[in-house]
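The values are calculated or read from the model by the stated rules, or taken from the named source; none is laboratory data. The structure presented is a predicted model; accordingly, all values stated were derived computationally and were not measured. Note that we place each Cβ from the backbone using ideal geometry, even for glycine, and neighbour counts take in every protein chain shown. With ligands, DNA and RNA removed, areas are computed over all heavy atoms of the protein, side chains included. Shrake-Rupley method; radii C 1.70, N 1.55, O 1.52, S 1.80 Å.
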Amino acid sequence: MSGMAKYMEIYIDIRDKINQNKYEINEKLPDGDSMARTYHCSKLTVKKALDMLVQEGMIIRRRGAGTFVKSHSTNGGEFALGPMSGLVNTFGKDNIKSKVILFSIEKPSKEVAEKLEMQDDYIYRIIRMREVGHKAYSIEHTYMPLAIIPGLEPHHLEDSIYNYIRDDLKLKMQSAHVWVRGDKSNQEDSKLLDLEEPTFMMEIEKLAHLEDGRVFEYSITRHTYESFVFETVFVQN
């Protein structure tokens with residue numbers, strides 16, 4: 001039985017359905033009574049989940065009319081933070097191409113081991129170049145504990161690692177701590193993304209946790225500034 005709070009399960013399910021276009025932009029969501037029956041919970045629990053989506057700017061309540069889908073967790077073809085959705089689920093499998101630069105099993109550096117809260121164990125070290133719509137989009141350096149994410153293979157890297165974790169391993173991804181910073185392009189950026197130096201880059205450093213609190217991913221992703229948008233919504237309660 002899942003230890004995740006019911007409202008979190010509902011939030012994640014509706015969020016994913018919006019990102020996967022099962023609920024389309026401007027579509028009216030089912031009313032609270034219908035959702036409560038669908039999710040076998042109270043209307044208050046549904047409201048708590050929807051409140052989170054309102055705060056993220058993904059849905060909007062219109063007085064007297066209902067609740068409508070406002071946006072995905074991304075801003076069009078640009079990048080906005082949606083740490084647990086992944087590019088494949090955000091843009092669609094047909095629009096994403098992943099070039100695997102490195103896939104190895106090795107002992108982590110001291111810094112990576114500390115980030116992953118592990119000691120004498122092995123990790124996957126992954127470097128991927130991602131394309132969106134046939135255009136170079138980002139470079140990802142990803143580190144995952146072998147003990148937590150077993151059975152990862154090269155074909156998973158060409159598709160969605162998150163889908164493998166969620167659908168095959170049946171693990172529930174709970175949260176991510178993200179740092180965003182600017183930087184100048186380096187030699188790797190220029191080579192893989194076909195850039196002219198110097199170019200301004202946006203770097204995302206991420207620590208991702210499962211619902212049981214274990215760290216399952218440490219990653220650094222670098223984007224050109226043209227493809228990057230940071231989006232958040234502040235709501236006064």
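Listing for the model above:
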item: Residue check for SER160: in contact (Cβ under 8 Å) with a residue 24 or more places away in the chain and open to solvent by less than 60 Å² (accessible area, probe 1.4 Å); result: yes
item: Condition met for ILE10 (part of a helix (DSSP H, G or I), closer than 20 Å to ASN163 by Cβ and open to solvent by less than 20 Å² (accessible area, probe 1.4 Å)); result: no
item: Residue match in segment 166-173 (condition: in a strand (DSSP E or B), in contact with a helix residue (DSSP H, G or I) (Cβ under 6 Å, 6 or more places away or on another chain) and among the aliphatic types (A, V, I, L, M)); result: no
item: Residue in segment 164-175 that is within 30 Å of LYS6 (Cβ to Cβ), of a type in the set (Ser, Thr, Tyr), surrounded by 15 or more Cβ atoms within 10 Å (Cβ to Cβ) and modelled with pLDDT under 80 present; result: no
item: GLY151 at pLDDT 90 or above, assigned to a loop (DSSP other than H, G, I, E, B) and not hydrophobic (A, V, I, L, M, F, W, C); result: yes
item: Those residues of segment 176-202 which are among the aromatic types (Phe, Trp, Tyr) and surrounded by fewer than 12 Cβ atoms within 10 Å (Cβ to Cβ), in sequence order; result: TRP179
item: Residue within segment 161-175 that is on the phi > 0 side of the Ramachandran plot and either of a type in the set (D, E, K, R) or touching a Lys or Arg at 6+ places or on another chain (Cβ under 9 Å) (or both) present; result: yes
item: Residues located in segment 207-228, provided they are open to solvent by 30 Å² or more (accessible area, probe 1.4 Å) and in a strand (DSSP E or B); result: HIS209, ILE220
item: Enumerated helices (runs of 4 or more DSSP H) restricted to segment 32-96, each holding at least 1 residues that are at pLDDT 85 or above and open to solvent by less than 40 Å² (accessible area, probe 1.4 Å); result: 32-39, 43-55
item: Residue that is farthest from SER175 (Cα to Cα), among those in segment 13-31 that are of a type outside the set (S, T, N, Q) and crowded, with 17+ Cβ neighbours inside 10 Å; result: LEU29
item: The lone exception for GLU203 - which of (1) more than 19 Å from HIS223 (Cα to Cα); (2) assigned to a strand (DSSP E or B); (3) among the charged types (D, E, K, R) it fails; result: (1)
item: Selection count, segment 168-181, where residues are free of Cβ contacts under 8 Å to residues at least 24 places away in the same chain and not basic (Lys, Arg); result: 2
item: Selection count, segment 106-147, where residues are open to solvent by less than 10 Å² (accessible area, probe 1.4 Å), in contact with a helix residue (DSSP H, G or I) (Cβ under 8 Å, 6 or more places away or on another chain) and not in a strand (DSSP E or B); result: 0
